[in-house]
Amino acid sequence: KDRSSWSSEDRTRTATDWIAEGLEKELKVLRQSIKERRRAHEDAGSQAERIRLEYQAIQANHKGQKSAMLRSTKADLDKQEQRANKFRLEAEEFERQEKELVNRLARVRGTTPEVSSAPRISYVSPVVKAPPIP
């Protein structure tokens with residue numbers, strides 16, 4: 001920018017202010033990503049639970065016999081469990097990055113870190129593995 005186009009507010013800000021503002025924007029984007037991954041994890045977990053119930057019903061109806069439908073449902077269940085795990089791992093990584101960014105922002109400002117009040121993702125997956133097809 002040309003110096004004459006700078007506002008008086010821009011001229012009085014320190015480098016620390018600029019750095020802190022940039023970190024705050026980055027933190028906002030990161031927290032949105034965490035929120036999206038949490039929601040995706042919950043959705044994938046719900047889908048896996050729905051498929052698990054379907055798998056158990058099919059398994060009970062076929063009394064231990066292998067069927068194409070049983071194998072297909074098992075494959076769908078495995079896929080949903082993998083998807084839920086993927087979103088959980090991504091959320092954990094974003095939360096780790098958030099913690100680092102909050103600490104960095106606190107160092108720049110010379111304050112104590114502010115931990116996000118948003119609930120953390122449940123790291124114990126509610127997904128229970130379906131028994132293998134005999």
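The values are calculated or read from the model by the stated rules, or taken from the named source; none is laboratory data. Worth saying up front: this structure is predicted, and the values here are computed from it rather than measured. All Cβ positions, glycine included, derive from the backbone under ideal geometry; neighbour counts span all protein chains shown. Calculation scope for accessible area: heavy atoms of the full protein, side chains included, ligands and nucleic acids excluded. Shrake-Rupley method; radii C 1.70, N 1.55, O 1.52, S 1.80 Å.
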Practice task
Give just the number: which of (1) more than 27 Å from the chain's Cα centre (by Cα); (2) closer than 30 Å to residue 102 by Cα; (3) among the charged types (D, E, K, R) does residue 63 not satisfy?
Solution key: (2)
Exercise for the section: Note down all Cβ pairs under 8 Å where the first residue falls in the range 44-60 and is over 26 Å from residue 91 (Cα atoms), the second is assigned to a helix (DSSP H, G or I) and open to solvent by less than 20 Å² (accessible area, probe 1.4 Å), and they're at least six residues apart or on different chains. Expected result: 54/73; 55/70; 55/73; 55/77; 58/70; 58/73; 59/70
Completion exercise
Residue set 28, 35, 74, 79; condition in contact (Cβ under 8 Å) with a residue 60 or more places away in the chain, assigned to a helix (DSSP H, G or I) and under 27 Å from the mean Cα position of the chain (by Cα); output residue 35
Completion exercise
residue 130 fails exactly one of (1) touching a helix residue (DSSP H, G or I) at 6+ places or on another chain (Cβ under 7 Å); (2) at pLDDT 95 or above, namely (2)
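Out of all the residues in the range 28-74, which are in contact with a His (Cβ under 9 Å, 6 or more places away or on another chain) and either acidic (Asp, Glu) or open to solvent by 80 Å² or more (accessible area, probe 1.4 Å) (or both)? Please lay out each step first, then the result.
Quick first cut of the range 28-74, residues in contact with a His (Cβ under 9 Å, 6 or more places away or on another chain) only: 69-70.
Hit for the range 28-74 is 69, nothing else.
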